[in-house]
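The next block holds one structure in the form of structure tokens; read it before the comments.
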Amino acid sequence: MKGATQWFTVDKAGLAAVATRRGTAPLLLEPVQNSWDEEGVTFVQVYLSPVNGKPQVKLRVEDDSPDGFRDLADAYTLYKQSYKIGNPEQRGRFNVGEKFLLSVASEASIISTTGSILFGPEGRKTGRKRTERGSILTATLKMTRAELGEALVLLRSMIPPRGIKTIINCEELRQRKPIDEDIRTLQTEIKGEEGGFRLTRRKTYINIYEVLEGETSHLYEMGIPVDKLECPWHVDIAQKVPLSLDRGSVRQAFRFDVERHVA
């Protein structure tokens, strides 16, 4: 139809307000979990540094995925159905993580095997650069020094998958050995018949880890901290955890189920 436009537009500032309800630090987990989910990844590196004289930080996340960033449109298309939606043992589902992170950036870029895309004050444009292997995400984010410290603590509390070397500011995250593990039937999310999600129950591993100095007890989804726990340990679930849209809260019934099994 002549003169027709798309149904929706998105206000960047409004999206940033939603994205930062839990603070900016949790947003930095998104590119790491995306890299961990990619097939064939063996290396993920995060570098986070303050910008002199400004309440800002520079972020760089790099991986060695053979396929790189599969579809650059995923970086700016809200709710485009993720290819991870059908696999309960992959972390992605809503396809909003990159958008939440980019909403709080003043400038950013993604360079991958499929090309590059640049975000700046004048908008979005494609570039000619590409990598032979893997992806590189860079961004300038609004963040105070206190938030920077919080972000580094959170990033260093991640539990990396076996076989993926994960480095935070030149410090490799060590492989943690669980103090106990079990197989239990827990609620998770899988692809529904008409798209979207539906809840189901399936068997999965529950791994229990010590809480290291400076950390607080967390519930983890495949190595990514997703919510605090009233518990003496970290509890890592080896499948998708039923989460809110901003990944900031877990269903109360699920929490009780996990705590009962741990007890």
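Quick test for you: out of Val104, Val96, pick the one residue that is of a type outside the set (Lys, Arg) and at pLDDT below 90. Break it down stepwise before answering.
On the way: Val104 fails: at pLDDT below 90.
Being of a type outside the set (Lys, Arg) and at pLDDT below 90 holds for just one of Val104, Val96, which is Val96.
Would you mind finding the one in Pro55, Pro66 that is open to solvent by 50 Å² or more (accessible area, probe 1.4 Å), within 30 Å of Arg202 (Cβ to Cβ), out of contact with any strand residue (DSSP E or B) (no Cβ under 6 Å at 6 or more places or on another chain) and at pLDDT 90 or above?
After ruling out the rest, the residue left standing is Pro66.
Within the range 26-40, is even one residue aliphatic (A, V, I, L, M), out of contact with any strand residue (DSSP E or B) (no Cβ under 9 Å at 6 or more places or on another chain) and either closer than 21 Å to Arg174 by Cβ or modelled with pLDDT under 95 (or both)?
no
Only one of these is among the β-branched types (Val, Ile, Thr) and farther than 17 Å from Glu62 by Cβ: Ile179, Ile168, Ile164. Name it.
Answer to the selection: Ile179.
If Glu189 meets every condition in (1) surrounded by 13 or more Cβ atoms within 10 Å (Cβ to Cβ); (2) in a loop (DSSP other than H, G, I, E, B) apart from one, which number is that one?
(2)
Go through the residues of the range 158-177 one by one and say whether even a single one is β-branched (Val, Ile, Thr), surrounded by fewer than 18 Cβ atoms within 10 Å (Cβ to Cβ) and outside any strand (DSSP E or B).
No, every residue in the range 158-177 fails to be β-branched (Val, Ile, Thr), surrounded by fewer than 18 Cβ atoms within 10 Å (Cβ to Cβ) and outside any strand (DSSP E or B).
If you take the residues in the range 203-213 that are in a loop (DSSP other than H, G, I, E, B) and open to solvent by 70 Å² or more (accessible area, probe 1.4 Å), which one is modelled with the lowest pLDDT? Before you say what the answer is, go through the steps one by one.
First, the residues of the range 203-213 that are in a loop (DSSP other than H, G, I, E, B): 210-213.
With the extra rule that they be open to solvent by 70 Å² or more (accessible area, probe 1.4 Å), the set shrinks to 210, 213.
Working: Glu210: 95, Glu213: 88.
Of everything passing the filter in the range 203-213, Glu213 is modelled with the lowest pLDDT.
I'd like the full set of residues that are over 23 Å from Pro26 (Cα atoms) and among the basic types (Lys, Arg), limited to the range 116-152.
Within the range 116-152, Arg124, Lys125, Arg128, Lys129, Arg130, Arg133 qualify.
The conditions are (1) modelled with pLDDT of 90 or more; (2) closer than 30 Å to Arg260 by Cβ; (3) more than 22 Å from the chain's Cα centre (by Cα), and Gly120 fails exactly one of them. Which is it?
Gly120 satisfies all of (1) modelled with pLDDT of 90 or more; (2) closer than 30 Å to Arg260 by Cβ; (3) more than 22 Å from the chain's Cα centre (by Cα) except (2).
How many residues does the range 214-229 hold that are part of a strand (DSSP E or B) and either aromatic (Phe, Trp, Tyr) or open to solvent by 40 Å² or more (accessible area, probe 1.4 Å) (or both)?
2
The values are calculated or read from the model by the stated rules, or taken from the named source; none is laboratory data. All figures in this text were calculated on a predicted structure; none of them were measured in a lab. Note: ideal-geometry Cβ built from the backbone for every residue, glycine included; neighbour counts use all protein chains shown. Protein only, heavy atoms only, side chains kept; ligands, DNA and RNA dropped before computing areas. Shrake-Rupley method; radii C 1.70, N 1.55, O 1.52, S 1.80 Å.
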